[in-house]
1. By a straight-distance test (C-alpha under 18 Å), which aspartates and glutamates pair with LYS152 as possible cross-link partners, with residues fewer than eight away in the same chain excluded?
2. When ligands, DNA and RNA are left out and all protein chains stay put, how many square angstrom of accessible area per residue does the chain have with a 1.4 Å probe?
3. How far apart, in nanometres, would the label points at GLU92 and LYS51 be if each is projected 7 angstrom from Cα along the Cα-to-Cβ direction?
4. Between SER117 and GLN275, what is 0.36 nm times their sequence separation minus the Cα-Cα distance? Round to one decimal in nm.
5. Given (i) 16; (ii) 21; (iii) 13, which label gives percent of Cα pairs over 36 Å apart as computed from the coordinates?
6. What's the angle, to the nearest 10 degrees (0 to 90), between helix 196-205's Cα axis and the longest principal axis of the chain?
7. Please turn the phi angles of region 286-295 into ³J(HN,Hα) values with the Karplus equation 6.51 cos²θ - 1.76 cosθ + 1.60 (θ = phi - 60°), one per residue in order, whole Hz, x for glycine and proline.
8. Which FRET efficiency value, to the nearest 0.05, do you get for ARG23 and ARG231 by plugging their Cβ-Cβ distance into 1/(1 + (r/R0)^6) with R0 = 45 Å?
Amino acid sequence: MSILVTPQTRVLVQGITGSFGARHTLLSLAYGTQIVAGVTPGKGAQLFENKIPIFDTVAEAVKETGATASAIFVPPPFAADAILEGADAGLELVVCITEGIPVNDMVKVKRALQGKSSRLIGPNCPGIVTPGHGKDSHGGCRIGIAPGYIHKPGGIGVVSRSGTLTYEAVWQLTCRGVGQSTCVGIGGDPVNGTSHLDVIKMFDADPETRGIIMIGEIGGTAEEEAAAWIRQNCRKPVAGFIAGATAPPGRRMGHAGAIVSGGKGTAAAKIAAFQEAGIGVAATPSEMAETLLKMM
């Protein structure tokens, strides 16, 4: 099984005619993702690659194709509106890849999404992959920018704030012959849609996810909140890694949310919370998969 997306998920791409959106649409199609529509205002009634219909609005695309999820590849000034357009159209899942969205925009989006049924992944994230079971593991669902070929179907769930560390954990598992149920990059911005805890709860409830790798980084308290829940409730082994241990306080490292301020969000505090919760802590990124497999 998997969480959030399956090979049957019907996906639309907001910003499909841009160079970045077009490139990753083609890669997702090659992976076996069911991309049923594109959305670019002013380019409705055209076709992408002579087969995927393009619509002017998400509402039109959903009505005509039955899409339930979207990938957003639009520039930062327009990304917040794109997220809300997807939610207003009733999409179950909105995955925002766009980096550099103003924090104030995301605060407004977060407030506007309250009470709506749509789930937001991101922004500033690599997206989500449920590996396929076909030839070369194709036939899965890839929404975003993650390299599909590194994934292998199996029973390990991966959730991470970092895109590259997501890929590292996945590749380590695959190289050891261990597959993944679903891999979720939640993004590194200070205001995002889905947290570590949200994803951990879904993995814990998924009967075919047997173990979890959770990758965090300095800044915020999301990892500590997830660890507290894991300590009391999680029935599956969890291994973790915290990036940014050498970052000086007050200096942002990498992601917009990766900053230690007011004495909160330090790597030491997060690692201590992991250890207290019984989460296996990898000392370096190269040990993430091995740490989990030893626990299993």
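The values are calculated or read from the model by the stated rules, or taken from the named source; none is laboratory data. Treat the numbers as computed from the prediction; the structure is a model and nothing was measured. For neighbour counting, all protein chains shown are included, and Cβ atoms are generated from backbone atoms with ideal geometry for every residue, glycine included. Protein only, heavy atoms only, side chains kept; ligands, DNA and RNA dropped before computing areas. Shrake-Rupley method; radii C 1.70, N 1.55, O 1.52, S 1.80 Å.
1. Within the straight-line cut-off, LYS152 pairs with ASP136, GLU168, ASP206, GLU208, GLU290.
2. Values: 12390 Å² over 296 residues.
Averaged over the residues of the chain, the accessible area is 42 Å².
3. 2.4
4. On the way: separation 158, 0.36 × 158 = 56.88 nm, distance 3.45 nm.
Roughly 53.4 nm would be gained on extension.
5. (iii)
6. 90
7. Each residue's phi maps through the Karplus curve to give 5, 9, 4, 5, 4, 4, 5, 5, 5, 5 Hz.
8. On the way: r = 42 Å, r/R0 = 0.93.
The value I calculate is 0.60.
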